[in-house]
Amino acid sequence: MKDPAPLTTDHPGQVVSVTPPAPGRSRRLSDRWLAVTFISPAMLLLLAMSVFPLLWSLYLSFTDYSATRGGPAHFIGFGNYTAILTSAQVHTRALTTLLYVVGAVGLQTVLGFGIAYLISRRTHGRGVLTTLFLVPMMLSPVVVGLFWRFMLDAQFGVVNSMLGSVGLGQVEWLTRQRTALISLIVVDTWQWTPFIMLIALAGLSAVPKYLYEAASIDRASEWFRFRTITLPLVWPLLLIAVMFRAIEAFRLFDLVYILTNGGPGVSTETLSFHIYKVAFLGFNTGTASAYGILMVLVVIVLTQLYLRYLNKLKED
Amino acid sequence: MAVSVDEAVSTGPARDHAPPARRLGGRGRSVLEVVLLTVLAVLMLFPVLWMLETSIKENRDVYAIPAKFFDFDVTMAHFKDVFVAPDGGRTALSVSFFNSVVVAGVSTLLATVLGVPAAWAYSRFAVRAKKDQLFFILSTRFMPPVVVVIPIFLMYREFGLIDNKLGLILIYAAFNVPFTIWMMKGFVDEVPAEYEDAAMLDGYTRLQAFWRYTLPLLVPGIAATAVFALIFSWNEFVFATFLTSSDSVRTAPPAIAGLIGGTTTDWGLVAASSVVFALPVLVFAYLVRKHLIAGVTLGAVRR
């Protein structure tokens, strides 16, 4: 670590500045000036690239604008919003998204926590194990999606090949309505179980040892220790991971796009994917904007919950 | 909250679970746990290994039924196909890899240059409504990309930034700035403000104190943060696929995804390009493994 205050100044030019500037008002002023100049460029970028586009979306959501047709946008009030909220198509996508979020995040939580618990009980090789388990998480959704598409291929996919060699029938993973959504959940679980595992492992390592020692003096059973010590102490952190994953899963797009392209039929179309279709294949920019704004509202509520909870956890 | 990835990842002595008087079947249970962990590890790693294997298989072995696990012919042809076109020139894929390097690199640099000073300012000064500002900053990162891309697309069309590397760089920088600020604020908080106060007593201005005393201490944190931003930009797909179209601008993710467009797919080539694409990420991720929790939770969860 560097010496906080050097005894001698190495650069002769600096000697002059040893006389401190007049303290007080000017310093506070320059502090404020510094804060503004340091924060505003980042803020400007965010305003230009996130807030302004969203405001534009908000404006478009009240119009019948189409990006391809061009021409002036006509103000149609809440027409887009009522159309979306009453559309049976949208309800189907909402249900698909819900099934996917609950299925994938639920599975990840159980598996991730399970793996973390098993790893935390090992004395040797924890570092290697953790590193190996983390690989899927770092891969791009493109790589993950493409590769699983290859592995789940009905004809020459390795998954069906393995099923065949143990005497089970072939499954059309990505081309049957029900199995396609299951495949999506499986692939997402494969990629993100490490995320939950990583955070659960951090929580498990933070449980103070003396609690277990006290419990074993009391001859508490393993299950009792798990239920009364491990779980309550790890749960708050685990919940952070679960909420984080739920937000991410809610806005999922790329994996669907690569793995199933929404199909077969519309069985794996999530809300994000549906917005893409409305905007870029249907060219109903106004409707897609309204759709997007509604999704953003949900994300904002979820994010607020997440951040509130995170903040509460940090203050404790 | 006393949570550290160091602890989680360290191979140091784990807490002693074994009660002094080991109950009957303790050994059996331990064996069962090891077996279970091994099975899970194999399940998790199999797709990665299969990808590696496919990338070095001869084509006829790639499509073999039943799948060949060990007795296949090895070839490096797929890797050559990634970079060298049949006519000897550069492939579109290799151009896209180069584009990815440029876009990810420049956007990371931009996000770092903008984010680090902001993080320092948020950490050191009493900014009005600081908490709200920080919350706002992070929530921009949670916006669904598909929703943001619609107005961005219209905006870029006005400014001629469609199918332009600068467009991608700007949007990636905007997506990485919130992360950089949150992640770096944690690192800045760990450097005592007293260092700067002491330097200022010596006559330095606040800016000089930041530059000469705090910034050098932040370098490891900045490096880790930049690596994560690099990974996010490198892996990004949605903006890349909607905002670019020509081979000379396209980054690697949409280029690799484009390999499966036709009637037949050269899965060996897909596997090889995926390996080339994923390898740097894994290396970089390994380098920043100590900060992995903070990194993947966008700086929200840390020690």
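The values are calculated or read from the model by the stated rules, or taken from the named source; none is laboratory data. These numbers come from a predicted model, not from an experiment. No Cβ is skipped: glycine too gets one built from the backbone with ideal geometry, and neighbour counts run over all protein chains shown.
Here are a few things to note about the model shown:
- Spans of helices (runs of 4 or more DSSP H) in segment A:1-109 with at least 2 residues at pLDDT 90 or above and either within 26 Å of B:A173 (Cα to Cα) or among the small types (G, A, S) (or both): A:25-46, A:52-60
- When B:Y213, B:Y204, B:Y195 are screened for being outside any helix (DSSP H, G or I) and crowded, with 20+ Cβ neighbours inside 10 Å, only B:Y204 passes.
- Residue tally, condition assigned to a helix (DSSP H, G or I) and either more than 23 Å from A:N80 (Cα to Cα) or small (G, A, S) (or both), over segment A:262-301: 7
- Members of segment A:265-303 found to be free of Cβ contacts under 8 Å to residues at least 40 places away in the same chain and more than 8 Å from chain B (Cβ to nearest Cβ), listed by number: A:K277, A:V278, A:L281, A:G282, A:L297, A:V301
- Within segment A:247-261, the set of residues being of a type outside the set (F, W, Y), part of a loop (DSSP other than H, G, I, E, B) and crowded, with 21+ Cβ neighbours inside 10 Å comprises A:R251, A:L252, A:T260.
- Given (1) more than 9 Å from every other protein chain (Cβ to nearest Cβ); (2) buried (at least 18 other Cβ atoms within 10 Å of the Cβ); (3) within 29 Å of B:N99 (Cα to Cα), number of the condition B:G160 does not satisfy: (2)
- Verdict on B:F79 being in a helix (DSSP H, G or I) and outside the structural domain of B:L170 (by TED's automatic domain parsing): yes
- First in segment A:203-230 and more than 10 Å from chain B (Cβ to nearest Cβ) and more than 21 Å from A:A116 (Cα to Cα), second anywhere and surrounded by 15 or more Cβ atoms within 10 Å (Cβ to Cβ) and among the small types (G, A, S), Cβ under 6 Å, 6 or more apart: none
- Subset of segment B:115-154 that is among the aromatic types (F, W, Y) and assigned to a loop (DSSP other than H, G, I, E, B) - its residue that is surrounded by the most Cβ atoms within 10 Å (Cβ to Cβ): B:F142
- Applying a threshold of 7 Å to beta carbon distances and a minimum spacing of six or more residues, or different chains, the list of pairs starting in segment A:78-104 at a residue that is farther than 27 Å from A:F62 by Cβ and ending at one that is among the acidic types (D, E) reads A:T96/A:E269; A:A104/A:D188.
- Of the criteria (1) more than 8 Å from every other protein chain (Cβ to nearest Cβ); (2) touching a residue at least 24 places away in the same chain (Cβ under 8 Å); (3) in contact with a Phe, Trp or Tyr (Cβ under 7 Å, 6 or more places away or on another chain); (4) among the hydrophobic types (A, V, I, L, M, F, W, C), which one A:L255 fails: (3)
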